[in-house]
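Notes follow once the structure below has been shown.
The values are calculated or read from the model by the stated rules, or taken from the named source; none is laboratory data. What you see is a predicted model, and the numbers here were worked out from it, not measured in a lab. Using ideal geometry, Cβ is built from the backbone for each residue, glycine included, and neighbour counts are taken over all protein chains shown. Please note that ligands, DNA and RNA were not included when accessible areas were found on the heavy atoms of the full protein model with its side chains. Shrake-Rupley method; radii C 1.70, N 1.55, O 1.52, S 1.80 Å.
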Amino acid sequence: MVISISIEELTIIEETQNRKDARIVSNDLSGILNEVNIQNEGYSRSYTLPSKINQETYIVKINHSGVYINSHYQITYSKIIPSNKLASKNFILIPGNTYKIINNNESIDIIQLN
């Protein structure tokens with residue numbers, strides 16, 4: 001019984017760490033999107049997504065309501081300011097790739113660099 005409780009506690013700790021790491025990535029991306037939004041045309045920032053979050057695969061989706069990360073069946077969300085300025089309705093970002101986030105004629109575009 002003690003072993004069962006310890007295994008459950010370890011699982012909870014791993015899930016909490018996974019959510020924390022996903023939250024860091026979603027906050028980084030939403031901060032960059034907000035920064036690019038308030039800057040002048042042509043301003044850009046690059047960001048490289050980690051290849052995994054806590055040894056787990058994940059996917060990033062950015063739309064008018066925010067940045068979403070689905071990591072091991074857990075969703076993390078960060079709100080963005082430029083909700084109506086995204087150049088596309090949905091951006092899907094792939095782990096391990098580098099992206100350029102650019103203010104392009106008053107709209108925000110995300111371009112994969114590698």
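Basic side chains Lys and Arg get +1 at the Cβ, acidic Asp and Glu get -1 at the Cβ, and with that the dipole of the range 15-114 about its Cα centre reaches some 160 debye. Legend: distances between Cα atoms for LYS61/LYS100; LYS20/LYS89; LYS20/LYS100; LYS52/LYS89; LYS20/LYS79; pairs beyond 19 Å are LYS20/LYS89; LYS20/LYS100; LYS52/LYS89.
Report note on the peptides 73-81, 34-42: ranked by the mean count of other C-beta atoms within 10 Å, highest first, their order is 73-81, 34-42.
Considering only protein heavy atoms and a 1.4 Å probe, what is the carbon-and-sulfur percentage of the accessible area of the range 22-70?
With neighbouring chains kept in place, the figure for the range 22-70 is 44 percent.
3J(HN,Hα) couplings calculated from phi for the range 90-107 with the Karplus curve 6.51 cos²θ - 1.76 cosθ + 1.60 (θ = phi - 60°) are, in sequence order, 9, 10, 10, 10, 9, x, x, 8, 9, 10, 9, 9, 10, 7, 10, 6, 6, 10 Hz; Gly and Pro show x.
The gain in end-to-end length when the SER51 to ARG23 segment is fully stretched comes to 8.6 nm, 0.36 nm per residue minus the alpha carbon separation.
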